[in-house]
Structure formats: C-alpha cells, structure tokens
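All remarks here apply to the structure that follows.
Bear in mind that the values in this text are calculations on the coordinates, not laboratory data. As the structure is a prediction and not an experimental result, all values here were calculated from the model. So basically every Cβ, Gly included, is an ideal-geometry build from the backbone, and we count neighbours across all protein chains shown.
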Amino acid sequence: MRSSSMPDPPLTTGEYEVFLSFRGPDVRQTFADCLYHFLIHSKIRTFRDEEELRKGEEIAPSLVQAISESKILIPIFSQNYASSKWCLQELAKMVECWKKQGKGGGRTTILPIFYLVDPRDVRHQEGAYEEAFRRHSLKQDQQTIKQWKEALLEVGKMKGWHVAGSDGHGAILEQIFVKVDSLLRTNYTLLTDELVGIDVHVNKVVQLLNLDAASEMIVGIHGMGGIGKTTIAKTVFNKVCTHFDRCCFIEDVRETLLKADGVVVLQNKIISGVLRYDHCNVNNASEGIHMMVDRICKHRVLIVLDDVDAKFEFDKIFGKLGNFSSKSRFIITTRDKRALELLQTDKLHEPGGMSHDHSLQLLSKHAFKMDNPPNEYTALAEKFLKVAAGLPLALKVVGSLLFRTDTNFWRAKLKELKEVPTVEVQQILRISYNELTPNEKQIFLDIACVFIGDYKEVPFYMWSSCDFNPEIGMRTLVNRSLVRIDEEGQFGMHDHLRDLGRAIVNEEDVQNPCKRSRIWSNENALDMLANREGGDQVEVLRVDMRKNEARHEFTEKEFKNLSRLRYLEVNYGRLSGDFKEVLPSLCCLRLHSCDSIPTDLHLKKLVILDLSFCPIKEGWRGWQGIQKAKKLKVVILLECHDIRRVPDLSPCTSLELIKLLSCYKMKGDLHIAGFKNLRVLSLRSTQIAKIITGDMEMLENLLELSLKQLSLSSPREAPLLPTSLKQLSLSSPSVPNLMQLVELEELKFEWCGEAGPEIPAEIWRLSKLRTLEISSASPVFVTMEGSLPSSLTSLQIHFCVALEKLPGLANLTNLTELRLVKVGVSEICGLGELAVLTTLEVRNAPRLSSLDGLENLVLLMKLTVSNCGVLPKLPDLVKLIKLQALEIQECQLLSEMQGT
C-alpha cells in the first residue's frame, strides 16, 4: 500500500483496469483502502486516486487518462463526496466516457457504491449533498453545476451497492470482486498482435468443449511447434472464460516440470492462477492435490495447460479428474499426440497451415505493422509466403527480420531461402540467424547448446570477456524473437530455435562431433575425451555424469588439444593430474560434485571459477595457478565441506562476485582490500575470522553483502559498510551504523552477542528498505524504539525471547508478511492497520495476550498461532475470506474462536 504522502506513479497506456474515486477523509483509511487492496491482491490493476493530494482547479491529465482507459469505474459516494470539486469532476468524466462507449453496452462500466449515504440523496442532491452544492454554487458557473448534478443523477440510478452502518464489509467486498472479475473476463485477452486466421480452429475447439454438457472434461490441441497451438488456446480461453467461475492459463508446462520440484512449482502456479492469489506456498505434491480438492474442485474451472509432453501425469498434479466439477474443462496443447492419448481423451484438434490471405496478413503485421504490404512489396511478399508454407512461427520471425528494410534486402533474403532444397521450419528460421552479427551468433549458439534454463549472470561475464558485447547482442536476440529472458533472469528459447542452433553446430562437421565448436551431448563428449580426439575447434564443452554409474576420470591428456576451449562444465566426474600446460583460452570453469579436481591450473584468461560441491582439500595446489588469473571476476564455492583455509584471492584484483557459502570448515582471513570492482560478496556459514578490507567504504560498486553465520573474532573485525549496498545480511555482536545506507532494500540481521542490542530508532530513515529480518542466537534483551520505515513489505523477528515490546506497526502500510517467532511481546500494536497483510505467523510467544485487529486483515491468506500459552481468544475471523491456511496449536487458554 502506498504511503499517503506519495503520489501515484506515472501512467502507461492501459496500465489500469479499475478506477476508484472517493473522498479521502471519509473512507481512505477504511472501506476504500480495503477495497483497493482486495483488488490489488487479486491481481486486478487498480488506480486509487489520492484526492487530498491534488492542487489546482482541474483534475490532472493523468487522472483523465486513467478514467478513459479503465474498464470499470467505481465511485464511492460518502457523506462528503459532493463537497470535493475534484470528486465531482472525476464523476462527470466517468459519465462522459460511459456515454461515449455506448452506455451499458460499451467497454466502460460504472459500479457505484453508496457508503453510509442514501442513494436518493445522491440522485436528487439532498441532505449533505444539497449543502455541498449550495457552497459550490457560490464559486462555480451554472453549466458546471448542471453537469455535476446530471452526473450524480445518472450514476445514482445505476445498480450498485448500498453499505449501511450495520453491514459487514467482508461480504460486500467479495460481491464487488466477483462482479469486477466477471466484467474483466468479458474483455480479457491474452494475445498481442498475432490474432490472424484462427477463427475456424477456435470454433472447432469450442465445439469440442461442449460447454453445456457434463462430460467432456479434456480437449487437446496437438501439432508441430510454431503452428499456432498456443495462440488458438489463448483465443479459446478469451472466448469462453466467462462461462466459468475460475480460470487460469499456464504456459511452458513442460519446462516447469523439468525444474527441481517441478510438480510443486506447477501446482503453485495453478492454485495461484485459479484463486487469483499473488503467491501460493504449497510445499509438496500431496499438499497441492489436497488444496486443489478443497478449494478448486468445487468450482466450475477452466484450466489451460500449454506445451505438455508425454511425461505429463495428470493425477500427480491434480489428483483424480473425477474430483472436479463435471462442468469444468481442461485444454491441453502439445507437440506429442501421445500425451493426449495417455490422458484417454478423443476430443482432439490438429491445426493445419495458414491460408494464403491470413499468411499475408501475419507477414505484413510483422514486416510493416499493417494488414497488407505496400504495392511495391506485394510481389515479393507472395514469394515469401510460398517459402513459409503457412507456418505462423516462420512468418513471424521472417517478418520481424524484414521490418524496415528495402526491397533489395528482401530480394537478397528471398534468394537465400530459394537455395534451400526442402522447406522446413529450421531452414526458414535460419534467415534470421544469418542476419545476426558474429558476436550475436556466438551468444545464440551458446544458449541453444548449454544455457537454456541457466541464469544470465555467469554467461554474461564470459561473453563480456570474449568481447561479444552481450548487452547489445541480447537486446537484438530478444527483439527478433530468438531468445527470451524471464523475470528471474533465466534464458528460454522456442524448441525449433534451440534445434536450429544445435543443427548449425552439428553442420560444422557432420561426420565428426569432435570437430564442432560446441559439445553438449554426454555421448559425444565422452567419446571425444576417451579417444583424445578434441582439437582447437571446440569452444564449449559440457559433461554431466550424474546418470552414469561409473564416474570417468579425466587427466590433462584428454584436454591437451583443446586450445580454444572457453567454457568447461563437468558434473559428477573426476579430474586429476597437472593441468599446467592445457586450456590456455578457458574463460569459465564449472566443476560441480566432482570427486577430484586438477592441480596447477594456469588459466590466465579465466573469468569464472565455480567449484561447488567439490572436495577441495588442504594443500590443493590449484590456488597458485588461480592467483595468476588476473582477469578472474567470479568465484563460487558452495558446500565445499573439505576446504579448511580461505583461499588467497588478493592477487585477483578484478573480482566482482565472491560467494563462499556453507563451507563450514573454512577458516582464516579474507583479503578484499584491492577489490575495487566488487559487486557481490557472500560469506554465509564459514569460519572466516577476519575480513581485511582496507577502506571498505571505497568499495562503491558493492551492491550485495552477506556475512551471516561467520566467526568474526571481534566486533572490530566487521567491516565498514559502503553506501552503495542494496542487500545486507549480517551476524554480529554489535549493530552496525546503517544510516548511511540510503540505497538499502533488504536487511537481515542476526544478533550473536552477550548483551542485548538496541535497534537504532533512526532505522525509519531507510526509505527504500523492503525486507527486515532480526534474529538472536541467545536469549538477550532486545529493544526496538521509534518506528520502522513504511516501505517495509516483510518483517520477521526470530528468537528474541526478551523482546517485550514492538514499535507501533500502523505506519507499515505496505507490509504483506509478518513473522514473530520466540518473542516476549504481549501485544502487536497496530496489527489491525496492516491492510495488505497476507501472512501472519506468531509462534512461541508465551506473553502474548491479545491479537486485537486481526479481524480487519481481510487479505490474510495464511494465519499461524502456535505456543501462545496465555492467549485467551481470537477475534472473529468471519471477514477473512481470503484465508486458505489456518494453524492453531498449543494455545492452552484459547477457548474462543469465531468465524472459522
């Protein structure tokens, strides 16, 4: 929730779906606030007008834009609504938009709420409204007064909600949400600009769904990649979603299931999508099935699962199909028809290629941003259509390539395609690959062969060291629809494009894989190393032995001829011997879970070193060679349980990222004084005793620092903190000076001293702080005075058993998560003001005697109260309609609990 002193952010086109208009002093902190956050946490983009912040005589252009673009307009008429000229101006604008859009039959809907006011007073300007207009008439012209009165009359006659003083807000909020959700789904669209020529396919799938029947549960859409299955499924979803109580569209199911705990990840996506929760925290598959049975199966639901393969098992994700309402429907898209046969459904549709007219339209949309080509391009466009053979993906990629190019370029590209003997999608897509620069081609091939699903951080360091200009190259690849990067920074790529990249590499030498630039197949990699056939053609090599019963042992002899190898990844293997004279061009070395690792690594061009899960023993001589790697920027050691001394990295002054994590036996001092470019330093769970920093305040590029669970010998060994930090995690016997950390967004602090700390009152000045976690390793007296920054979204306090009083929380209007574990507080002041709180956990609070205000947390989804021995009762929970997980245990005096 935004602070009342902060204006709404600048608008972008179509940013909001719902516009709220209200008189701030009447309802801002009560009904309007609850409604706003109810909608926001149901993933409905809502504009809340902070009316009391406005200046001037007219409403701002941003407000006019928000009203014009919103699909649903909700004025909250309260006692003093008409006393505000800005509220009346907004209302008049609402009615104007509503009339322009065709009144009740248009895209704009007005849903009035009459809050503690009689609708007749609004329609006829009686009571407080009459007095307000008397005052307005002294300052406003008659035309304006007339316009305002007509708007009140028009909206006052509309069907809405009348909230009386005795009405519970929770039930009314739920009614409003259901209505808003229904209206939005009427106009909901998942598509961009590719809705071309699919009506016949959409109608066929809708027919197969047989919406009036109580039997046809699963419909499948199958066909080759790029044929338009996803677009068809999205269009069907848009067309029929209003027939269902709940709907969700889940993309990339196959890729999701390949992740660790993929079934649970997919279940969380489905539950969150169907129930419109911001997040869902199912911990295992059984819990996920149980939640679906309890909270989803009773509804009539539409669930679309996009890109499923033959390994997909419905029962492991959803439980039995029979648990769902017979009116529910599942749409599944797949390239493999066997996936649908295994589901025993015969309701199938296989799309064919696009017609001539639709192909021309789709090509033109991407090449010219219009439905037809200019006259001078028409003949050329016709020739491209023959090559694309009606395949939507090919038309899209080729059209994107031809965008803003002249006819000479078109002719040149057409000649290339005509030289292809057979028309296949890879060969059609190759035209875009050929237009890439050499550096962009290198990045594309690297991703296609080894980096799909990987995070971009490490590859970017390697590509930069190779002068591939990854920032520019990646922008091109994304813009040309060749690569995608998700919100978490992971690489993705369409299967056809992946296959294209790998085919291009295979063509470097069709007969001998050992002479190709990239080797990712275990079979090819093992053959090459066993026969020592690798040469200077090989640049990228990955070997993964986790599925092999016998771990192969490699020596320097197998790598002797790989003089141009820049990326080496070995998982679950053995490397031994003297590597002093091999791998002169290596930029990235990733050895994971290898039983042994080589010595004498003289890797002068090394940029990334990742030895996670490897047994680095005392006296390993590899560090001597690593110290000579003057270009080294990244060192990652995760769970290297045998390493006993801190590696001396001080000669590697170019380091930007150091992660020494869960290396429990690692002791000694870490020297970082010369690391002026350091951006990330994480030293969690080691026995490092001293950090030699020089002047750490000069580390102006440091953004992330984690020093949790260290064994620093004294408070003086904790470094000074640079002002650039955004994330800070500390275990310390003293509270560091935080006030200079004006950019800090995340603070995790563990107290490990004998005397209790006092959390500085000035912490409220950290205006960008989002996450605050405080814990103690011993039962000391902890004090927290003053107030916390209102920017907080998560507050967690653990094991502070002597913490008797929390600061008031009423100002934490953005807080969504509050966890208190082993604390000594007797009450939580301001709990009822945490309007957007979704998670509340209170465990082992033996003095807690009240949870007053809990009944107001209408967005709460998870509530845990455990081992609170003197808590006599809980407030009425009837308004907590979003609650999906409730845990109450070991509260001996708890005798009263209503609304569950």
Checklist outcome for this item: Among Val634, Gln79, His552, the residue whose Cα sits farthest towards the positive end of the charge dipole of the chain, when +1 is placed on the Cβ of each Lys and Arg and -1 on the Cβ of each Asp and Glu, is His552
Item to check | Evaluated at q = 0.12, 0.14, 0.18 Å⁻¹: base-10 log I(q)/I(0), Debye formula over Cα of the range 18-186 | outcome: -0.49, -0.68, -1.19
Next on the checklist: If you only keep lysine pairs separated by 8 or more in sequence, or across chains, how many in the range 199-349 come under 18 Å at the Cα atoms?
Outcome noted: 21
Item to check | Relative contact order [Cα under 8 Å, 6+ residues apart], the range 568-618, whole percent | outcome: 40
Item to check | Unit charges on C-beta of K, R, D, E only; dipole of the chain, Debye | outcome: 1060
Checklist outcome for this item: Yeah, the range 497-540 with a ≥ b ≥ c from its alpha-carbon gyration tensor (a/c under 1.5 is rounded, else prolate when a/b outruns b/c, oblate otherwise) is prolate
Checklist entry - Which order do peptides 884-890, 154-160, 71-77 fall in by mean Cβ count within 10 Å, highest first? => result 71-77, 154-160, 884-890
Item to check | Which label in [x] 48; [y] 54; [z] 57 gives the computed percent of Cα pairs over 40 Å apart | outcome: [y]
Checklist entry - Can you give me the relative contact order of the chain as a percent, contacts being Cα pairs under 8 Å and 6 or more apart? => result 5
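Out of all DSSP beta bridges in the chain, what portion is antiparallel? Express it as a percent rounded to 5. Walk me through the intermediate numbers first.
Values: 3 of 118 bridges.
Approximately 5 percent, going by the DSSP bridge assignments.
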Checklist outcome for this item: HN-Hα couplings for the range 537-542 via Karplus (6.51, -1.76, 1.60; θ = phi - 60°), in whole Hz with x for Gly/Pro, come out as 6, 7, 10, 10, 9, 10
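Can you give the relative contact order of the range 496-586 as a percent, counting alpha carbon pairs under 8 Å and 6+ residues apart?
On the way: 160 pairs, mean separation 21.4, N = 91.
Taking the mean separation of contacting Cα pairs over the length of the range 496-586, I get 24 percent.
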Checklist entry - Given charges of +1 on the Cβ of Lys and Arg and -1 on the Cβ of Asp and Glu, with all other atoms neutral, how large is the dipole of the range 356-434 about its Cα centre, in debye to the nearest 20? => result 160
Item to check | Paired Rg and Dmax values of the range 356-434, which use every Cα atom, in angstrom | outcome: 11.0, 31
Item to check | Peptides ranked, highest mean first, by Cβ atoms within 10 Å: ranges 396-403, 137-144 | outcome: 396-403, 137-144
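What order do you get for Ser685, Ser78 when you list them from fewest to most C-beta neighbours inside 10 Å? Please list the in-between numbers first.
Numbers: Ser685 16, Ser78 25.
Going from sparsest to densest Cβ surroundings: Ser685, Ser78.
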Checklist outcome for this item: With x for Gly and Pro, the residue-by-residue ³J(HN,Hα) of the range 166-179, computed from phi through the Karplus equation 6.51 cos²θ - 1.76 cosθ + 1.60 at θ = phi - 60° and given in whole Hz, is 8, 7, x, 6, x, 5, 5, 4, 5, 4, 5, 4, 4, 5
Next on the checklist: Which log10 I(q)/I(0) values does the range 438-506 give at q = 0.26 Å⁻¹ under the Debye formula, counting every alpha carbon as one identical point scatterer?
Outcome noted: -1.29
Next on the checklist: What number results when the radius of gyration of the range 199-349, computed over Cα atoms, is divided by 2.2 N^0.38 Å?
Outcome noted: 0.96
Checklist entry - Setting aside same-chain residues fewer than 8 positions from Lys365, which lysines have a Cα under 16 Å from its Cα? => result Lys396
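With each run of n ≥ 4 DSSP H residues scored as -39500 (n - 2.57), what mean residue ellipticity at 222 nm is computed for the chain after dividing by its residue count and rounding to the nearest 500 deg cm²/dmol? Please report the intermediate quantities before stating the final value.
Working: 27 runs with 271 residues, N = 900.
Mean residue ellipticity, 222 nm, calculated: -9000 deg cm²/dmol.
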Next on the checklist: Going by amide H atoms built from the backbone, whose H comes under 5 Å of the H on Leu871, apart from near neighbours?
Outcome noted: Leu893
